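Each value in this text was obtained by applying a stated rule to the coordinates, not by laboratory testing. From a predicted model like this one, the values you see are computed outputs, not experimental measurements. As a convention, Cβ positions derive from the backbone with ideal geometry for all residues, glycine included, and neighbour counts pool all protein chains shown.
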Amino acid sequence: MSVSGPCEICTVREVRHTCNRCAMLVCDRHYNDEIGYCVECTAEVGRVREGTDEDNLPDGVDTYRF
Ligand SMILES: [Zn+2]
Ligand SMILES: [Zn+2]
């Protein structure tokens, strides 16, 4: 993957992620790894913290397959 260009929020740092909600290109600092949103979308949905049952794998479970 090769995304290049400046973050659309700070316009300074290099783009590292694409928001899964608004598709904005943002840097590491303006991206929320947990939910895959930019900080702006994170702020909007931040208060809604329920129903996070997708991609929510519990830690400490030995499910290694090769
Ligand atoms: Zn940024
Ligand atoms: Zn966003």
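As a proxy for reagent exposure, HIS30, HIS17 were ordered by neighbouring Cβ count within 10 angstrom, fewest first; the result is HIS17, HIS30. Modelled this way, with points 7 Å down the Cα-to-C-beta line, the labels at GLU8 and ALA23 are 0.9 nm from one another.
As a proxy for reagent exposure, ranking THR11, THR18 by other Cβ atoms within 10 Å from fewest up yields THR11, THR18.
A simple count of charges around ARG29, restricted to other residues whose Cβ falls under 15 Å of its Cβ and scoring Lys, Arg +1 and Asp, Glu -1, yields -4.
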